[in-house]
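Q: To start, I am sharing the structure in question, which I have written as structure tokens.
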Amino acid sequence: MQRIGVFVCHCGTNIAATVDVKKVVEMALHEPGVVHAEDYAYMCSEAGQELIHKAIKEKHLTGLVVCSCSPRMHETTFRNAAEKAGLNPYMVEIANIREHCSWIHKDIEEATEKAVILMRAAVAKVNLDAPLKPGESRVTKRALVIGGGIAGIQTALDIAEAGYPVDIVEKTPSIGGRMSQLDKTFPTLDCSSCILTPKMGEVNAHPLINIYTYSEVESVSGFVGDFTVEIRKKARSVDMNKCTGCGVCQEKCPSKKTPSEFNRGLNTRSAIYTPFAQAVPNVPVIDRDACIKFKTGKCGICSKVCQAGAIDYDQIDEIVTEKYGAIVVATGFDMIKLDKYDEYAYSQSKDVITSLELERIMNAAGPTGGHLERLSDGKAPKEMVFIQCVGSRCADNRGKSYCSKICCMYTAKHAMLIRDKYPDTNVTVFYIDVRTPGKNFDEFYRRAVEDYGVNYIKGQVGKVIPQPNGKLLVQGADLLDNKQILKEADMVVLAAAIEPNPDVRKIATMLTASIDTNNFLTEAHAKLRPVESPTAGIFLSGVCQGPKDIPETVSQAGAAAVKAIGLLAKDKLLTNPCTAHSDELLCNGCSQCANVCPYGAITYEDKEVNDHGVRETRRIAVVNDALCQGCGACTVTCPSGAMDLQGFSNRQILAEVDAICR
Amino acid sequence: MKTEHSRAEMIKEISGVNPLKCMKCGKCSASCPSYNEMDIKPHQFVSYVINEDIESLVKSKSLWKCLSCFACVERCPRDVKPGKLIDAARQIVVRERGKNYLLADDIPELIDPDTPQQLLVSALRRYRR
């Protein structure tokens, strides 16, 4: 028989204002096994923990029930307090009488009744608790960063600076990501590549960082501290060790008609290419779908002109298998497709462009050499219209429900840069709200209005109508002046919503990391654990977690690195002892548990069992303790009741239900 | 005569629109071909319903200037659809009048089978006053 102590917390007035805590204490003393019960204002305080310590010692308690807040808040606190007093920490149960009771009820009588019932269930569970001991697992001191944009670069640098080796896996031929496509950055207007290129160089030169470009994560297995990852290095068709990066192959390549991904399809590239001049590594790849040699077998010009003999048409994809202790996801974003927004005429006119396309047009290395010009006729625009919130903040099925966060600021930036460089070009911005929370952000936007004369109009655009004379007729509303506006523009720029990189779904599935309805990776706690995935050992960096600008991305990248370093610095991890196990005599080998296990922790073995004197070999489920996260999906699926979860056994849960229904 | 509150509730019920979803972007007014003819502008329909000033709405010129082209319904990013609100306000006028000018059974013979149903219903509400 257990000797149970019940401790009821007031949580100031959080609980005590709605629940009669004295009544809960009184009722607890009638419960089987309970030898001690008391209440206190703040059980989690030093003084409260001291009460628990004293009671354990004096009353020789073997189990505790703490009626307080959610176990997410203070389960660890009370388990540690119990351990200090010599009790097994898994002999502590929390009855959540705050979030599940006092906060959601108003009537004191009803809330007290519910608190008593919750206490009773917890007592019933403790009566069947058994001491548990966590196991240990080792930590591989190497980190994997998926994505080589500014988020991945910063995370990799920070982890490597702490002395741990890092591998970056980047899908495209070069690291750099979206930031490498930008011309200038807000709110200081410094050139994006000027600040990014040194970081790319640093990553490339760092002795502890290894970059896999033109590579993708193929599979992930294992668990926190001990992941095994297969990386597919796609055939580059160019020998990384021999290539000098001279660029002659790209000049001579006769196949030059492929739309350039880097320039958002505004111009074309050769079949053998590096995405941009500062690419890291500065080694081209052959796009086999565009290469004449691969399509027809004839050509081979790149091979002939390459002085270094680096071209290798026979290269094949290579799979690298590596072990990691921590994985950081930094897969970034893309702009949404605008095919559902026909009213803005994006598909009808070359002069309706997205903001990212404008970045490339404004960039000296872009398709127009940095000259602002209409893509239809090359003329300089005199009237420019920017449309905000295209596909952001939508409640319909066309767009995204969230605010993309960066558009207000980059539009102010574009408007300012254009007014600065081309003073006789008028710039009009149609906005719904201008959102500028950030250091020096609102001042930046006000400068666009006050110093650069950008015309901001509160109201959305209804339609953009291409005119026979090549102009674009913009029909919008001015809600403050209460009038409808018809404006002839030369160019229209759409601030399209951003969305997580479409590949992130596949990656999240491999990592068993959870993802929200917008495909953003979910953090373990929205406020207190914003850079960790609920899946242990997986960390989040950059826009894959939610829209953010560069300063925020860099901050979060550093935070994700710190969390990864905190993990890598440990030699061993304690594993959760609340894992599933199967009863060999009850298991019928049906495989249903293995099918529902999200962690791949269940395998089947042919085992010899002794079933009441009958020896026979049976196919039986075996749980890998290190992989099992204790979710309990298998225990409820198992048709024969063979699967049971330590610390949450079927008997315990039924005892709780019985106690509640008593 | 119903109260303004119950008329506002009726407009919400008939239209199926929750006017509180509006974020005041003005895309409806930007899209409206009859904008200049209207005294109450499409984006204002929403606040008239929220503020339960239905009397002004049903007395407005806008009520009968709306062409039911549904550009605002099509483009509204917040699923508020002012065109549906104004259509519901018209229904209220019609219902209060309590008369039917045509019997339902007479209608099928009068219409071209290619005419979209929605257009037909809106047109009937508009022109039978």
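The values are calculated or read from the model by the stated rules, or taken from the named source; none is laboratory data. As the structure is a computational prediction, the values presented were derived from the model and not from experiment. Positions of Cβ are generated from backbone atoms using ideal geometry, with glycine treated the same way; all protein chains shown enter the neighbour counts. Calculation scope for accessible area: heavy atoms of the full protein, side chains included, ligands and nucleic acids excluded. Shrake-Rupley method; radii C 1.70, N 1.55, O 1.52, S 1.80 Å.
Q: Could you list, in sequence order, all residues of the stretch A:464-488 that are more than 14 Å from every other protein chain (Cβ to nearest Cβ) and either crowded, with 23+ Cβ neighbours inside 10 Å or assigned to a strand (DSSP E or B) (or both)? Please lay out each step first, then the result.
A: We begin by selecting, within the stretch A:464-488, every residue more than 14 Å from every other protein chain (Cβ to nearest Cβ); these are A:466-472, A:488.
The answer is A:Pro466, A:Leu472, A:Glu488.
Q: So which strands (runs of 3 or more DSSP E) stay within the stretch A:118-180 end to end and still have 1 or more residues that are over 30 Å from A:Ser192 (Cα atoms) and not β-branched (Val, Ile, Thr)?
A: A:136-138
Q: A further question on this structure: Determine which single condition A:Glu343 fails, assuming it passes every other condition in (1) within 14 Å of chain B (Cβ to nearest Cβ); (2) part of a loop (DSSP other than H, G, I, E, B); (3) in contact (Cβ under 8 Å) with a residue 60 or more places away in the chain.
A: (2)
Q: While we're looking at this one, here's another question. Got a sec? Which of A:Arg120, A:Arg138, A:Arg142 is open to solvent by 10 Å² or more (accessible area, probe 1.4 Å), in contact with a Lys or Arg (Cβ under 8 Å, 6 or more places away or on another chain) and at pLDDT below 95?
A: After ruling out the rest, the residue left standing is A:Arg138.
Q: Can you report the number of residues in the stretch B:32-59 which are open to solvent by less than 10 Å² (accessible area, probe 1.4 Å) and either away from chain A (no Cβ under 11 Å) or touching a strand residue (DSSP E or B) at 6+ places or on another chain (Cβ under 7 Å) (or both)?
A: The qualifying residues number 6.
Q: Determine the pairs where a residue that is within 14 Å of another protein chain (Cβ to nearest Cβ) and of a type in the set (Lys, Arg), located within the stretch A:445-463, has a partner that is open to solvent by 30 Å² or more (accessible area, probe 1.4 Å) and assigned to a strand (DSSP E or B) with Cβ atoms under 7 Å apart, the partner being 6 or more residues away or on another chain.
A: Here the result reads A:Lys458/A:Tyr431, each pair linking the stretch A:445-463 to a residue that is open to solvent by 30 Å² or more (accessible area, probe 1.4 Å) and assigned to a strand (DSSP E or B).
Q: Now for a different question. Taking the options A:Gly566, A:Gly558, A:Gly600, name whichever one is free of Cβ contacts under 8 Å to residues at least 12 places away in the same chain and either surrounded by fewer than 21 Cβ atoms within 10 Å (Cβ to Cβ) or hydroxyl-bearing (Ser, Thr, Tyr) (or both).
A: Selected residue: A:Gly566, the only one of A:Gly566, A:Gly558, A:Gly600 that is free of Cβ contacts under 8 Å to residues at least 12 places away in the same chain and either surrounded by fewer than 21 Cβ atoms within 10 Å (Cβ to Cβ) or hydroxyl-bearing (Ser, Thr, Tyr) (or both).
Q: Now for a separate question. B:Cys69 - would you say it is open to solvent by 10 Å² or more (accessible area, probe 1.4 Å), within 14 Å of chain A (Cβ to nearest Cβ) and modelled with pLDDT under 95? Steps first, answer last, please.
A: Details: open to solvent by 10 Å² or more (accessible area, probe 1.4 Å): yes; within 14 Å of chain A (Cβ to nearest Cβ): yes; modelled with pLDDT under 95: yes.
In short, yes.
Q: Related question: Identify all residues within the stretch B:75-95 that are away from chain A (no Cβ under 13 Å) and touching a Phe, Trp or Tyr at 6+ places or on another chain (Cβ under 6 Å); write none if there are none.
A: Of everything in the stretch B:75-95, those that are away from chain A (no Cβ under 13 Å) and touching a Phe, Trp or Tyr at 6+ places or on another chain (Cβ under 6 Å) turn out to be B:Leu85, B:Ile86.
Q: Which residues, taken from the stretch B:1-36, are among the hydroxyl-bearing types (Ser, Thr, Tyr) and more than 16 Å from B:Glu96 (Cβ to Cβ)?
A: Filtering the stretch B:1-36 down to residues among the hydroxyl-bearing types (Ser, Thr, Tyr) leaves B:3, B:6, B:15, B:29, B:31, B:34-35.
Within the stretch B:1-36, B:Ser15, B:Ser29, B:Ser31, B:Ser34, B:Tyr35 qualify.
Q: Further question on the same structure: Among the listed residues A:Thr509, A:Thr553, which satisfies the condition of being in a helix (DSSP H, G or I) and surrounded by fewer than 17 Cβ atoms within 10 Å (Cβ to Cβ)?
A: So the residue among A:Thr509, A:Thr553 that is in a helix (DSSP H, G or I) and surrounded by fewer than 17 Cβ atoms within 10 Å (Cβ to Cβ) is A:Thr509.
Q: Please count how many residues of the stretch A:380-408 are at pLDDT below 95 and among the acidic types (Asp, Glu).
A: Total satisfying the criteria: 1.
Q: Could you grab me the full set of residues in the stretch A:383-435 that are farther than 10 Å from A:Ala495 by Cβ, open to solvent by 10 Å² or more (accessible area, probe 1.4 Å) and more than 14 Å from chain B (Cβ to nearest Cβ)?
A: A:Glu383, A:Lys405, A:Leu417, A:Arg419, A:Asp420, A:Lys421, A:Tyr422, A:Pro423, A:Asp424, A:Asn426, listed by residue number.
Q: Quick check: is even one residue across the stretch A:641-661 free of Cβ contacts under 8 Å to residues at least 40 places away in the same chain and not in a helix (DSSP H, G or I)?
A: no
Q: If you go through the stretch A:305-314 one residue at a time, do you hit one that is more than 30 Å from A:Ile406 (Cβ to Cβ), of a type in the set (Ser, Thr, Tyr), in contact with a Gly (Cβ under 8 Å, 6 or more places away or on another chain) and not assigned by TED's automatic domain parsing to the domain that holds A:Phe520?
A: Checked the stretch A:305-314: at least one residue is more than 30 Å from A:Ile406 (Cβ to Cβ), of a type in the set (Ser, Thr, Tyr), in contact with a Gly (Cβ under 8 Å, 6 or more places away or on another chain) and not assigned by TED's automatic domain parsing to the domain that holds A:Phe520.
Q: For the stretch A:453-461, check the following and say yes or no: at least one residue is at pLDDT 95 or above, among the aliphatic types (A, V, I, L, M) and over 23 Å from A:Val352 (Cβ atoms).
A: no
Q: Could you pull out the residue among A:Asn595, A:Asn610, A:Asn576 that is over 14 Å from the mean Cα position of the chain (by Cα) and either in a loop (DSSP other than H, G, I, E, B) or assigned by TED's automatic domain parsing to the domain that holds A:Tyr410 (or both)? Walk me through it before giving the result.
A: Values: A:Asn595 fails: either in a loop (DSSP other than H, G, I, E, B) or assigned by TED's automatic domain parsing to the domain that holds A:Tyr410 (or both); A:Asn610 fails: either in a loop (DSSP other than H, G, I, E, B) or assigned by TED's automatic domain parsing to the domain that holds A:Tyr410 (or both).
After ruling out the rest, the residue left standing is A:Asn576.
Q: Out of (1) aliphatic (A, V, I, L, M); (2) touching a residue at least 40 places away in the same chain (Cβ under 8 Å); (3) closer than 24 Å to B:Tyr35 by Cβ, what's the single condition that is false for A:Ala497?
A: (3)
Q: From the set of residues in the stretch B:11-31 that are more than 9 Å from chain A (Cβ to nearest Cβ), farther than 19 Å from B:Ser122 by Cα and buried (at least 17 other Cβ atoms within 10 Å of the Cβ), which is nearest to the chain's Cα centre (by Cα)?
A: This residue is B:Pro19.
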